[in-house]
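In what follows, a structure is listed as structure tokens, so that the remarks can point back to it.
Every read-out reported here was derived from the displayed coordinates using simple, explicitly stated rules and does not represent laboratory data. What you see is a predicted model, and the numbers here were worked out from it, not measured in a lab. Because the Cβ atoms are built from the backbone with ideal geometry, glycine has one as well, and the counts that use them run over all protein chains shown.
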Protein chains: 2
Amino acid sequence: MAFRKVSIIGVGTTPYGVLEGQSLKGMAIKACKEVMLDSHVNKELIQAFYLGNYIGGMVIGQETLAPLIASSLGLNKTIPSTRVEGACSSASIAFMQGYWMVAAGVYDMVLVAGVEKMTTATREKLTASLVASIDTETEGRTGLTFPGFWALLAQRHMYEYGTTMEQISMVTVKNHQNGSKNPRARFRNIITLEDVMESRLICDPLRIFHCCPNSDGASAAILCPSHMAKEFTDKAIEVAGIAQTTGYPTLSEMGQEVALPATVSASKQAFEMAGLKPSDIDVVELHDCFSPAEIVDSEDLGFFEKGKGGNALLEGITQVDGKLPINPSGGLMCKGHPVGATGLGQVYEVVMQLRGEHENQVRGAEIGLTHNAGGTGSVCCVTILRRWL
Amino acid sequence: MAFRKVSIIGVGTTPYGVLEGQSLKGMAIKACKEVMLDSHVNKELIQAFYLGNYIGGMVIGQETLAPLIASSLGLNKTIPSTRVEGACSSASIAFMQGYWMVAAGVYDMVLVAGVEKMTTATREKLTASLVASIDTETEGRTGLTFPGFWALLAQRHMYEYGTTMEQISMVTVKNHQNGSKNPRARFRNIITLEDVMESRLICDPLRIFHCCPNSDGASAAILCPSHMAKEFTDKAIEVAGIAQTTGYPTLSEMGQEVALPATVSASKQAFEMAGLKPSDIDVVELHDCFSPAEIVDSEDLGFFEKGKGGNALLEGITQVDGKLPINPSGGLMCKGHPVGATGLGQVYEVVMQLRGEHENQVRGAEIGLTHNAGGTGSVCCVTILRRWL
């Protein structure tokens, strides 16, 4: 069957960070109202609502958030409101569902959002909630956490390819330079290589500045068929490629290669769908939950050969004025990582880049990519977005 | 756009009940393996996986179940695995997503499943997890629980329409008669009106036998375009109508009518899509989480005029040999209610009826309906299924 082209006609977001006094529901409503303003879409026009949320239940004791937020927004009662969950990929999964429903002609106008509230939780509760995306019947029992997971991958990447802690730490330095210009970022301070390498050890070799901060936040977008987009905006961004794949829920299944196989397959599918190749991409927002992840992801996405991501970074290729700017928003590292919102936060940043409206603008950016990985890479979503109006 | 007809080519389920020693993951795998056998579909053919689960996180500490189960099943890694959540409607939402993806031609073969593990949790944990689908910022704070919610609706239904406790209790008596014949049901004992009316008071006027039991269980189905169904089975059941709507997340918003508005709108949409009316339905599995719910739901679905559901029951219309058999499986009341699985458990029962293979067979059943309501009716899913091969 032939599918319709789909465009993003608006985006909305809260800043990410410690949003005191803002509830899970309140933040989601804020982002959704902003996207309706941005897209000039009246709530009556929305035909379906998808919401990504990871741990509203475990952290706040609130499940079934999609109809709750739909009702608060005053959306039509005759439409479906659906929550989707795939750990850190939850918001991208909402985007994926919305995309296909519009592409396939089921709906003409879909609101997608993601939200997470984390900073009110105790450290114990938060740790238990985050490891809930690891298989609790197997590796979860060993005490493995995500800093542990990425520490192991970092160690192996260094062993296999000679990647250095200097390279890994430069991810943090670069992303802080970028984040300092982004009003939505939680950390807006410039830090030095020494600051990173001398910061508190968390899980060898990872230090505190190699770990992104848990945060609160919500982000949203509205999707419609591209042929309808002009009625609403002159700044529509088309979805050129999109994919969601399944990876390994445990480290032990992943084999020897230091890669997330779900990233490799999702990016391959998305590039093929878009008819594009990695060198066509002007700007990337990828899942740097820990500094080594940016290096591993940049290789898995096909931008650099396996083992060469660290060098590419040192050469300045991924700087905002480099050949392939990565995370000009500051990434998860500086924006913060409200788990269920992050995927649409990345879409927000790339849409702003492609509109030419970003505070840390990549000059002439026309094609962008987002990469959002969940759990131990057990879910991965990649989207390729393109300016066309 | 024109959509394809979609058929259910197989179903699978665990029994519902206290499934000692069976994990969340284990039960889901069991139901999914059964559906692959039943449909003669090899796992390599599955192109997408949707899983309904409500409180795996809050009760077991396990989130991100879809990729976890997909991996254990050995599904292809290049396909998306997506968890959806909408309280007690979670499995029906998985079915709805699968339906549209096949109807719209995005995928040809979709596995949908639902699972819940409840009986290992403490009563406190379970209560906290169940009320997590009530708005915790408003009515959740008043201490309202679901027995309380349905007690209030029952009181009002009796006040407005003269419904009696005898009528409400007869729902339980009828469903136990039905459940006694269903090997998948948790309760298989016949009970009397006195047993019900003299059982322990839970929340006035509801007694323990007016409340369905928390249970463990998993159910699954495989969907494909109807034109492909014959390659796999000669017992395909077509989805004639389907709808998912949004209701009120709080009682205070619902107004005076003793109804779940989301049920009314979902059934209206599903009947319209199917080109059928309530009198065309031969068998119904509806959401009798509490006995009064069966009466309210049977009215909201359009089978009886508002206020007449109780009388219809006493007249025997909803018995297995009546004009409109309701819950010949025993319903949630006797099967048990593993929240995230129930919607597909209903589909399982109706499919067996339409195949003519049910242990409590409705004679000549050709068209069946499932109704699955979540939370305070904040989500509702209705499907109309039809024998065609």
Taking the axis that carries chain A onto chain B, what is the nearest Cβ in chain A, and at how many Å, to the whole number?
A:Ala104, 2
Roughly how many whole Å is it from the C-alpha centroid of the stretch B:91-140 to that of the stretch A:282-323?
37
With a ≥ b ≥ c taken as the square roots of the eigenvalues of the C-alpha gyration tensor of the stretch B:200-281, please select rounded if a/c is under 1.5 and otherwise prolate if a/b is larger than b/c or oblate if it is not?
oblate
For a quick check, take a GNM of chain B with Cα springs below 10 Å and name the residue from B:Leu344, B:Leu130, B:Leu37 with the largest mean-square fluctuation.
B:Leu37
Considering only the label points, 7 Å along Cα→Cβ from Cα, what distances in nm to one decimal separate A:Ala2 from the same position in each other copy, shortest first?
1.3
Set Lys and Arg Cβ to +1 and Asp and Glu Cβ to -1, take the dipole of chain B about its Cα centre, and tell me which of B:Ile168, B:Gly86, B:Ser378 lies farthest positive.
B:Gly86
In whole Å, largest first, what are the principal axis extents of the Cα atoms in chain A?
55, 44, 40
Of the candidates A:Phe209, A:Pro147, A:Val115, the farthest towards the positive dipole end of the stretch A:76-213 (Lys/Arg Cβ +1, Asp/Glu Cβ -1, centred on the Cα centre) is A:Val115
Please determine, in degrees from 0 to 90 and to the nearest 10, the orientation of helix B:342-355 with respect to the longest principal axis defined by the Cα atoms of chain B, where the helix direction is its Cα long axis.
70
Relative to the longest principal axis of chain A, what angle (0 to 90°, nearest 10) does the C-alpha long axis of helix A:291-300 take?
70
Which percent, to the nearest 5, of DSSP beta bridges fully inside the protein assembly as shown are antiparallel?
70
Charge dipole magnitude, Cβ of K and R +1, D and E -1 - the stretch A:31-89, Cα centre, debye nearest 20:
120
Footprinting exposure proxy for A:Arg200, A:Arg188 (fewest neighbouring C-beta atoms within 10 Å first)
A:Arg200, A:Arg188
For B:Asp204 paired with B:Lys125, estimate the spin-label separation in nm (one decimal), with each label point 7 Å from Cα along the Cα-to-Cβ line.
3.4
List the equivalent ellipsoid semi-axes of the stretch B:57-164 in whole Å, largest first, each obtained as the square root of 5λ for an eigenvalue λ of the Cα gyration tensor.
35, 20, 11
Starting from the amide H of A:Ile79, placed 1.01 Å from N in the peptide plane, find each other amide H under 5 Å away whose residue is 5 or more places distant or on another chain.
B:Thr246
For the stretch B:133-234, state the average projected area of the convex hull of the C-alpha atoms over all orientations, rounded to one decimal in nm².
10.9
At A:Asp195, label 7 Å along Cα→Cβ: distances to the other copies, nm, ascending?
7.1
Compute the label-point distances linking B:Gly162 to its equivalents in the other copies; points lie 7 Å from Cα along Cα→Cβ; give nm, one decimal, shortest first.
9.2
Along the charge dipole of the protein assembly as shown, which of A:Asn182, B:Gln244, B:Ala31 sits closest to the positive end, that is, farthest toward it, with unit charges on the beta carbon of Lys, Arg, Asp and Glu (+1, +1, -1, -1)?
B:Gln244
Stokes-Einstein D for the stretch A:247-389 at 10 °C, 1.306 mPa s, Kirkwood Rh over Cα pairs, in µm²/s?
106
Only helical DSSP H runs with n ≥ 4 go in: add -39500 (n - 2.57) per run for the protein assembly as shown, normalise by residue count and round the 222 nm mean residue ellipticity to 500 deg cm²/dmol.
-10500 deg cm²/dmol
Simple spin-label estimate for B:Thr142/A:Arg156, 7 Å along Cα→Cβ, in nm, reads 5.4
Helix B:24-39 vs. chain B, principal-axis angle (Cα, 0 to 90°, nearest 10):
60
For the stretch B:372-389, what does the Karplus curve 6.51 cos²θ - 1.76 cosθ + 1.60, with θ = phi - 60°, yield as ³J(HN,Hα) per residue in whole Hz, taken in order and with x for Gly and Pro?
9, 10, x, x, 7, x, 6, 9, 9, 10, 10, 10, 10, 10, 9, 6, 9, 9
Give me D for the protein assembly as shown in µm² s⁻¹, whole number, from Stokes-Einstein with Rh from the Kirkwood sum over alpha-carbon pairs, 10 °C and 1.306 mPa s.
61
Within the stretch B:303-324, whose backbone N sits under 13 Å from a point 7 Å along Cα→Cβ of B:Thr192?
none
When the dipole is taken about the Cα centre of chain A, and only Lys, Arg (+1) and Asp, Glu (-1) are charged at their Cβ, what size is it in debye, to the nearest 20?
900
Check A:Val379: other-chain or 5+ apart residues with amide H under 5 Å from its amide H, H built from backbone geometry?
A:Gly247, A:Gly374
Given the options A:Ser90, A:Ser378, A:Ser329, which has the most mean-square fluctuation in a GNM of chain A, springs set between C-alpha atoms less than 10 angstrom apart?
A:Ser378
Compare B:Glu85, B:Glu137, B:Glu116 in a GNM of chain B, Cα atoms joined below 10 Å, and give the one with the largest fluctuation.
B:Glu137
Using Cβ contacts closer than 10 Å as the measure, can you line up B:Ile281, A:Ile295, B:Ile202 from fewest to most?
B:Ile202, B:Ile281, A:Ile295
Counting other Cβ atoms within 10 Å of each Cβ, which trypsin sites (Lys or Arg not before Pro) in the stretch B:344-388 have at most 14 and sit in a DSSP loop?
B:Arg363
Any idea what the dipole of the protein assembly as shown comes to, in debye rounded to 20, about its Cα centre with Lys/Arg Cβ at +1 and Asp/Glu Cβ at -1?
360
Built amide H within the under 5 Å cut-off of B:Gly17, gap 5+
B:Asp216
